[in-house]
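All remarks here apply to the structure that follows.
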Amino acid sequence: NPFAGLVSHLRASWLSGKTRPTEYRVAQLEALERFLDDKKQQIMDATASDLGKAPFETELSEILLCKNELHETLNNLSRWMKDEKVDRALAMQLDSAFIRKDPYGVVLIIAPWNYPIQLFLVPLIGAIAAGNCVIVKPSEVSKNTERLVAEALPSYLDKDCFAVVTGGVPETTRLLENKFDYIFFTGTPPVGRIVMTAAAKHLTPVTLELGGKNPCYVSDTCDVTSVARRVAWGRFFNTGQTCIAPDYLLCTLEMQEKLLPALQKAINDFYGPNPRESPDFGRIVSDKQFQRVQRLLGSGRVAIGGQTDEAERYIAPTVLVDVQLSDPVMQEEIFGPILPIIIITNVDEAIDFINSRERPLAVYAFSSDDKVVNRVLERTSSGGFCGNDTLMHVTLPSLPFGGIGNSGLGTHHGKFSFDTFSHPRGCLKRGMGRESLNAPRYPPYSQRKFGLIQATLKVTRQSDCTLL
């Protein structure tokens, strides 16, 4: 296997204990910040070449959010690493019982192309903070960013403990043949199943950050202008190539008639009368993805947009109406600048529609009535939820980010990243003295001995009653 030597080298480094001290972890995390600072312009150039991404969007989603994660981690790492004391039974009051946050060992992070810096760097921050050695596999689809990461990142990190591997499907397949102690994958559900199958051969735990069709319910009671702007921003940010973008709207026919002119105005306000000329609207990442997304335009009827240019991989911000559930646009995650509208009659029908499909990565609900937003929150299941906005929940490192069911397994961001890449090791340390206290547990057994054991180990349920 072409990667066996690399994995073995990193494992030897990890076994040496090199990555465990707090000072070492902090130094590597600070090096990541220097990478972001030093290579800021190159990152912006690479993402512009790969995705046509506007500098504003790159600075927000690829640099600022990563720096927030770094600062959150550096501010709290010492506290997160501390042993966590736990309750003890009467028999162990003189002992020490705690949870040690142990690193897993050698970790593999496989990143996607749509946010080619953020989606490898945020999990890498957590893996380093937890004390692991890491192999990073950036996506070959965003080739300019892949090249930048492969050439620049190793000069910032300890080469004995961290490595970047490049290549496509064949290289990733061979990489997955090796035994890792944890695998973190971001991508599509079909590839997630392949990764999980490979991990199962070594009983390797995984986090799978997948995607799905994120529903967005809009009630009849809301500020239409605000809804249109927030939905249009979330759907068309990064040209719709966002795993948590609102994938389709659910609203009544009356609300659709109000929303269409408001969405058209929002698109004009954001990108001008011809979004193709806007410096703030990007392009589809590859010819293959362009052709896939373009085929989805045949679903329903184009109410807004619909223009394409294959040479530029340009697809205009588009809204579809009269969409049928059997249409291709409702059969797969769109991952492009297309927003279908599905007509429902009320919030209960919207909830039933959401619950009849695979559980999504995010659910969005808009209403001026907080009871309606809460109703959608309480009666649906998803990786995350955002009321009266889109995307913004992912900007908080204090919230876990991850999917459920078809949209993923496990979470990360902030402390959740540290916890994901840490094994909670249950530890008990007892003294060598006081051996007579252990006598009741030794044979020959008796009911009297069991009574003593029960009295000192039993956990009693607390009463709901309070004596006054």
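The values are calculated or read from the model by the stated rules, or taken from the named source; none is laboratory data. Here the structure is a predicted model, which means the values were calculated and not measured. Please note: Cβ atoms are built from the backbone with ideal geometry, for glycine as well, and neighbour counts cover all protein chains shown. Quick note on the areas: whole protein, heavy atoms, side chains included, nothing else; ligands and nucleic acids left out. Shrake-Rupley method; radii C 1.70, N 1.55, O 1.52, S 1.80 Å.
Summary of computed values
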| read-out | value |
| --- | --- |
| Fraction of accessible area attributable to carbon and sulfur, segment 215-406 (%, probe 1.4 Å) | 48 |
| Computed over segment 129-287: relative contact order in percent, which uses C-alpha pairs under 8 Å that are six or more apart | 17 |
| Accessible area (Å², per residue) of the chain, counting only protein heavy atoms and a probe of 1.4 Å | 46 |
| Gain on full stretching of the segment that runs from T345 to L396 - 0.36 nm per residue minus C-alpha separation | 15.0 nm |
| Mean projection area, nm², convex hull over Cα of the chain | 29.1 |
| Amide N of segment 312-327 lying under 16 Å from the label point, which is placed 7 angstrom from the Cα of R357 along Cα→Cβ | 319-327 |
| 0 to 90° range, to nearest 10: angle between helix 370-379 axis and the chain longest Cα axis | 60 |
| GluC sites (Glu not before Pro) lying in DSSP loop within segment 1-82, provided at most 13 other Cβ fall within 10 Å | none |
| Among beta bridges that DSSP assigns inside the chain, antiparallel share in %, nearest 5 | 35 |
| Percent RCO, i.e. relative contact order, over segment 215-406, from Cα pairs under 8 Å lying at least 6 residues apart | 27 |
| Rough spin-label spacing in nm, given labels placed 7 Å along Cα→Cβ, for R441 and A89 | 0.8 |
| Mean Cα-pair separation over length for the chain, i.e. relative contact order, pairs under 8 Å, 6 or more apart, % | 19 |
| R301-R174 FRET efficiency (beta carbon distance; Förster radius 56 Å; 0.05 resolution) | 0.75 |
| Crossing angle, helix 40-51 versus the chain [Cα axis fit, 0-90 degrees, rounded to tens] | 60 |
| Nearest-10 value in Å² for the accessible area of T166, using the 1.4 Å probe | 60 |
| Distance between modelled label sites at K67 and R434, nm, 7 Å Cα→Cβ extension | 5.3 |
| Using alpha-carbon coordinates, inclination of helix 143-152 to the longest axis of the chain, degrees | 40 |
| Summed side-chain charge close to A266 - residues other than A266 whose Cβ falls under 12 Å, Lys, Arg +1, Asp, Glu -1 | +3 |
| GluC sites (Glu not before Pro) lying in DSSP loop within segment 248-351, provided at most 12 other Cβ fall within 10 Å | E310, E312 |
| Residues of segment 228-266 with amide N under 20 Å of a point placed 7 Å along Cα→Cβ from Q331 | 247-249 |
| Heavy-atom accessible area ranking, 1.4 Å probe, most first, across T411, T207 | T411, T207 |
| Computed magnitude of the charge dipole of segment 215-406 (debye, nearest 20; Cβ of K, R +1, Cβ of D, E -1) | 320 |
